[in-house]
Each structure stands twice: as C-alpha cells, then as structure tokens.
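Participant: Before anything else, here's the structure in question.
The values are calculated or read from the model by the stated rules, or taken from the named source; none is laboratory data. Predicted model, so just to flag it, every value in this text is computed and none were measured. Methodologically, a virtual Cβ is constructed for each residue, glycine included, from the backbone with ideal geometry; neighbour enumeration extends over all protein chains shown.
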Amino acid sequence: MPSVFLYGTLRHEPLLARVLGATPVPMRPARLPDHAVRSVAGAPYPALVTAADEGADGVLLTVPDAAGWGRLCHYEGAFGYAPAQVTVETPEGTVTAWVFRPAQTPATGGAWSLAAWVRTWGALSVEAAGEVMAHMGHKSPREIGRDFDMIRGRAHSRLLARLTRPRPPVLTALTQAEVRLIAHRRPYAGYFAFEEQDLQFPLFGEGHSETVSRAALVATDAALVLPYDPRRDEVLLLEQFRPGPYLRGDPRPWCLEPVAGRVDAGEDPEATARRETEEEAAVTLERLETISRCYPSPGCSTEFFHIYLGLVDLSRPPANVGGLAEEAENIRRHVLPLRTVVGWADAGLLDVAPLELAVHWLARHRDRLRASG
C-alpha cells in the first residue's frame, strides 16, 4: 500500500478518519528536505513551498487499502490537489512517498500552525468533509470544489445548530438522538442542497411513528439587519429582484427587504450582519440589537435566520443604487420614515416575513431606542 506524506490539515486525526472512513493507522514522523510549510494568503490551509536548507515536518501515513487511497484522492482532488512522488526522511531512513500538491503553488505568508488551525477550523473541516466524502461516486472532485464554499457554509450551519439556545419551557424534552434514521439521500447538491430522509420520530406519549419520508432544502444560516436611525426616526430598506417570487409566478418579483446575507463558514452571525450592512446598505453599524433567531419555514427548510436591528446614521443617505457587481447584485435603497413603513405593515403591504417581523418589533421598541439614541 502507498505511503503518503501529510504536512497540513490531514494531520488532524479526526479529519483524516472522516476522509478515510476508518480510524487512521499509526503514523510516524517524517520530514521533507528543502521544503517548508507556509500559510496561504487569505486562506486557513497551508502550502508546501521549496525552501533551500529548510525542512517541512509532517507524518508518514501508510494507506490501509485501495479504497482508502481512492477516498484520499477524491478528497484532495476536490481542492485541485494531485499526488506527486517525493523522498522524505524518517527515523528509519529515507522513504519514497506520495504528497498531494496543487498544480500551482498559491501565494504564501508566514509559518502555519496545525494547533491554531484545529482550534478555529478543525470541527468545521471535519463536518464539511462528511459531505465531501458522501458525494464520492456521485459528483466529480471538480464539481465538489466548485461548490465547496456552500458545503462549508452548510457545515458551519450544522455546528451553529448544536449550540444551546433558550427555548420556551412548554417544548418537549425529546431530542434529535431519539429520532431513528432509516435512510438518507441527497438527490441534489449545488449552491443549495436537497436532502431526503426515511425516519421514525418519537410520539408524544410512547413509541415511535411509522417510517415516514421527509425532505428539506438545506441552506446556510443567514444574518438580516433592519438599519434604523433613532435620531431621525428613519429606516433603510432594500429593493431587488428575487427568484422565489419569480418562480412562483408573481408578476412583480421585486421585494422590499432588510439587509441580508449568508453567514460564511467560520463567521459569527454578528460579523456577517456588519459586513452585509456595509456591502448592501453602504452604511456603518453603530450597534446591533437582536430581534430574533428563528427558522423561517421549518417544515421544508433548514435555513436559520439571525435577525437584528442595526443602529445607524442616515443623515447622509447612501447612493440610491448599489450592490456587488461580482455577485450580480442590483439593489435600490430607500430611506423612509418609520411611521410610513409601520403603516405599510399594518395594511399588509409588506410581503417579506423577516421585514414584517423586524418592523413590528421596532414599532414596539421605538420609544426606548429613541430615548437612548
């Protein structure tokens, strides 16, 4: 079986186990002469670079079988890495081994630390690797690499879902662990994913349901912000074309919305809120207040919203039209008196649920915010 020199993230044994589909066999220290491990500019993973009179420290893995080699090639191929032969030094002498490297070495920075990477990216990478490996035999590594940002975003969403949050006291004490999973299918995965499961859920009282099939759109978490200037008593709303209303057949598929953006992998939802407010609304947040953390449609989607009120200064309104060209955004901005928007909400004129929720919340908290603003 082939020996592989591991110098980067696959030295994290939980990640390697997920990729191999088994507990890794014992590994031994190894060193690649005239090379070094460096951080990649703007990315969490490292690169192997040529460096005279230095040595890249790593470990030597003996891949257990052909299936393990295939799984390793599938995972590395998703990132554009291919195997190449090198000669490494071990305590027992020199060994010819394979190492996975990209076609072109990316721009690099300083030293890279596995321990620091594990603290920040370890759990997320293990979670994302589960979906990468589940696609083996169904999607090519190139296709997976194209969609990896969303794969990692979905993994981040699952990690956020495991965080404890307050719930109403009348809710059942039953947990996810008590649901019996019979089968799991992923018929589509791209920017979004669609998943189906056959399962039995515990009944109120005793026993479990019959086996039922349930399906859901699998998306990342999203952060939403309603920008509000308490001094001027004005809000900023965004207007843009939306594919959901268009696909529904709505003759006017443009919507008024709050600021909204997907929570990137490893990003705190509040950081997303600040970033998206600057990108979409072209204003800087002074302070955030949490309005709601909620599922907009739990019967058919995993999507989870972190909804905030953002305190801003609207004395100098941003340009009327904006958005990121690289994301094909075409956004019109509206600065409006709060009383006008509340009137629209009361008249049933707002058709985007998070905006409706945020406006009603703001109407209830307006006096407090104006007194403290």
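Participant: Among the candidates Tyr7, Tyr75, which residue alone is modelled with pLDDT of 90 or more, hydroxyl-bearing (Ser, Thr, Tyr) and in contact with a helix residue (DSSP H, G or I) (Cβ under 6 Å, 6 or more places away or on another chain)?
Facilitator: Values: Tyr7 fails: in contact with a helix residue (DSSP H, G or I) (Cβ under 6 Å, 6 or more places away or on another chain).
Going through Tyr7, Tyr75 in turn, the sole match is Tyr75.
Participant: While we're here: Examine the stretch 163-172 for a residue that is touching a strand residue (DSSP E or B) at 6+ places or on another chain (Cβ under 7 Å) and not in a loop (DSSP other than H, G, I, E, B), and state whether such a residue exists. First the steps, then the outcome.
Facilitator: Going residue by residue through the stretch 163-172, those that are touching a strand residue (DSSP E or B) at 6+ places or on another chain (Cβ under 7 Å) are 165.
Now narrow it down to the ones that are not in a loop (DSSP other than H, G, I, E, B): none.
The answer is no, given that none of the residues of the stretch 163-172 is touching a strand residue (DSSP E or B) at 6+ places or on another chain (Cβ under 7 Å) and not in a loop (DSSP other than H, G, I, E, B).
Participant: Pull out all pairs, ordered by first then second residue, where Cβ-Cβ is under 9 Å, the residues are six or more apart or on different chains, the first lies in the stretch 254-268 and is free of Cβ contacts under 8 Å to residues at least 24 places away in the same chain, and the second is of a type outside the set (A, V, I, L, M, F, W, C).
Facilitator: Trp254/Glu239; Trp254/Gln240; Trp254/Arg242; Trp254/Pro245; Trp254/Arg332
Participant: If I filter the stretch 91-100 for residues that are over 24 Å from Met150 (Cβ atoms), in contact with a His (Cβ under 8 Å, 6 or more places away or on another chain) and either at pLDDT 95 or above or of a type in the set (S, T, N, Q) (or both), do I get at least one hit?
Facilitator: No: zero hits.
Participant: Within the stretch 119-130, is there a residue that is under 24 Å from Ala84 (Cα atoms), surrounded by fewer than 18 Cβ atoms within 10 Å (Cβ to Cβ) and polar (S, T, N, Q)?
Facilitator: The answer is no; no qualifying residue exists.
Participant: Moving to a separate point now. Out of the residues in the stretch 201-254 that are of a type in the set (Phe, Trp, Tyr) and over 24 Å from Glu303 (Cα atoms), which is modelled with the highest pLDDT?
Facilitator: Tyr228
Participant: Of all residues in the stretch 188-209 being of a type in the set (Ser, Thr, Tyr) and out of contact with any Asp or Glu (no Cβ under 8 Å at 6 or more places or on another chain), which is nearest to Val263 (Cα to Cα)?
Facilitator: First pass over the stretch 188-209, keeping only residues of a type in the set (Ser, Thr, Tyr): 188, 191, 209.
Okay, now just the ones that are also out of contact with any Asp or Glu (no Cβ under 8 Å at 6 or more places or on another chain), so 188, 209.
Values: Tyr188: 21, Ser209: 35 Å.
Among residues in the stretch 188-209 that are of a type in the set (Ser, Thr, Tyr) and out of contact with any Asp or Glu (no Cβ under 8 Å at 6 or more places or on another chain), the one nearest to Val263 (Cα to Cα) is Tyr188.
Participant: Looking at the structure I just gave you, is Arg154 of a type in the set (D, E, K, R), touching a strand residue (DSSP E or B) at 6+ places or on another chain (Cβ under 9 Å) and not assigned by TED's automatic domain parsing to the domain that holds Pro102?
Facilitator: Values: of a type in the set (D, E, K, R): yes; touching a strand residue (DSSP E or B) at 6+ places or on another chain (Cβ under 9 Å): yes; not assigned by TED's automatic domain parsing to the domain that holds Pro102: yes.
Taking the combined requirement at face value, the residue satisfies it.
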